[in-house]
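Student: There's a structure below that I have some questions on.
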Amino acid sequence: MSQPRVGIVKSRFFGPGGIQTCCIELCAGLNRLGIVPDVLWDEPTDWRDVTDSPPDMRFIPGRLPISSARLRSLPRWLRYRLHPLSVRFARLGLERYDFVYGFEDGARVASGVPNLCYTGGPPFVRTPDQRIDLPRALATSKIRKMAGRLVPPVRPDPRARYVAVSSWIADLFLKTYGIRVPIVWPPVRARRLETVPSRNGFLFMSRLEVEKRPHVMLSLARRFPRLRFTIAGRGYADAYVSALRFSARHEANGNVRLVLNPTDREVSRLFAEHEFFVFPAQWEHFGIVTVEAIQAGLIPLVHDSGGQREIVPVDALRFASESELVEKVEVLLSKPPSDRGEVLRELQKHVARGSPENYCREMISPLCRDLGLTHLTGLA
């Protein structure tokens, strides 16, 4: 039998991230089966922006009612509302394929084509951070969110088979549609870390945008002036990043470092140098960077919401407010290193579920079953 033709629906990548890792590891798993998948969208990804060693794949151009370039020119709040609607009516030629993977919520699959759609939740469900606090509804951001609430969620395609990124998203999916979907944790490949004399300090690593709340690190740095804090991640020359840079230089105690757009090697070194990882983002759908930090040997402190609860099932390492974060840090620092090490080892066992091997097995097994390739399942 000739190799099946496999399509992957995913928009262009502009840098590394969680969903990028999901696509790369899936393609690598398919390559091990001898399959070179087609990536379907209206513009190609420059894989040099994402990884130094991309797997084999082909770009096949399609058409969107609102082009990706046009969407990027719109205000962010409007772009995020129109994107899933444009995806819904995309012309990607999915009927040509033996199996299709979807990484764009809202994409319609072709009748009779086996598929697996990986969802992080929105725009299928409403997360708590999308709700309106009516007494403060006059704020511009609140009005925008309220306008967004008037746009109904994109309903799941009845012909699609879904898996969710976390138990939290799967529960929201069940609550919204009465459909229980399987959970497949995204993959995290263990990093090769540099040897450093000792670990110390607190690290934030994610996109430098207000939703991820890296500014919480500035407050923490002021409270603990003798400790070291690093804010690192991909960011752009916008007002928020400029404010972070100014505050790190002038308003903190000289104990904050801002690392903008670190290379992969710099990321590995930052993980190796620090002892603690702080992730203040609220209602994160999963939070793959927290898994990566734990695997790299950092003790996490995460917001007590969303998918982070699933990754960090330890109450002492979750916080609901900045004041509670300060309290959790004080307690953590008072513990002997041996106790902190034991907590870390238990967390590392817990997140082992998010290995590339487990991810590929769970994503590729449906393809092998549907196409009668069960003898190849173990190779992925």
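Bear in mind these aren't lab numbers, they're just calculated from the coordinates by the rules spelled out. All of these numbers come straight from a predicted model, not from anything done at the bench. Virtual Cβ from ideal backbone geometry, glycine too; neighbours counted across all protein chains shown.
Student: Express the relative contact order of the chain as a whole percentage, based on alpha carbon pairs under 8 Å and six or more residues apart in sequence. Intermediate values should be presented prior to the final figure.
Tutor: Working: 671 pairs, mean separation 55.0, N = 380.
Taking the mean separation of contacting Cα pairs over the length of the chain, I get 14 percent.
Student: Skipping prolines and chain starts, which residues have an amide H placed within reach, meaning under 5 Å, of the one on F59, given they are 5 or more residues away or on another chain?
Tutor: The answer is V39.
Student: Another one. Just to check I understand the Karplus step: with θ = phi - 60° and J = 6.51 cos²θ - 1.76 cosθ + 1.60, what whole-Hz values come out for region 255-262, glycine and proline as x?
Tutor: Values per residue, Gly and Pro as x: 10, 10, 10, 10, 10, 8, 6, x Hz.
Student: Using amide H atoms built 1.01 Å from N in the peptide plane, name the residues 5+ places from D304, or on other chains, whose amide H lies under 5 Å from its own.
Tutor: When sequence neighbours closer than 5 places are left aside, the close amide H contacts are F319, A320.
Student: Taking only Cα atoms, what is the 0 to 90° angle, nearest 10, from helix 337-350's long axis to the longest principal axis of the chain?
Tutor: Roughly 10 degrees, rounded to the nearest 10.
Student: Whole angstrom only: what separates the Cα centroid of region 237-278 from the Cα centroid of region 68-119?
Tutor: Cα centres, region 237-278 to region 68-119: 34 Å.
Student: Would you please give the residues with an amide H less than 5 Å from that of I299, counting only those at least 5 places away or on a separate chain, with H modeled from the backbone geometry?
Tutor: For I299, the qualifying residues are F276, F277.
Student: On to the next question. Per q in 0.07, 0.08, 0.15 1/Å, what log10 I(q)/I(0) does a Debye calculation on the alpha-carbon atoms of the chain return?
Tutor: -0.33, -0.43, -1.50
Student: What is the gain in length, in nm to one decimal, between K335 and E194 on full extension, counting 0.36 nm per residue of separation less the C-alpha to C-alpha distance?
Tutor: Values: separation 141, 0.36 × 141 = 50.76 nm, distance 2.62 nm.
Full extension from K335 to E194 adds 48.1 nm.
Student: Of all chymotrypsin sites (Phe, Trp or Tyr not before Pro) in region 1-70, which ones are in loop regions per DSSP and have a Cβ with at most 15 other Cβ atoms within 10 Å? Before the final figure, lay out the partial values.
Tutor: On the way: sites: F13, F14, W41, W47, F59; in loops: F13, F14.
Of the chymotrypsin sites (Phe, Trp or Tyr not before Pro), the ones in loops of region 1-70 whose Cβ has at most 15 other Cβ atoms within 10 Å are F14.
Student: What list of ³J(HN,Hα) couplings, whole Hz, do you get for region 93-103 from phi and the Karplus terms 6.51, -1.76, 1.60, once you set θ to phi - 60° and write x for glycine and proline?
Tutor: Couplings: x, 5, 5, 7, 9, 7, 7, 10, 9, x, 10 Hz.
Student: Each label point is 7 Å from the Cα along the Cα-to-Cβ direction; what then is the distance between the points at S67 and R222, in nm?
Tutor: 4.6
Student: Tell me, what ³J(HN,Hα) does each residue in region 314-324 have, in order and in whole Hz, if you take phi through Karplus 6.51 cos²θ - 1.76 cosθ + 1.60 with θ = phi - 60° and put x for Gly and Pro?
Tutor: For region 314-324, the Karplus-derived couplings read 10, 4, 5, 10, 10, 9, 9, 8, 5, 5, 5 Hz, x marking Gly and Pro.
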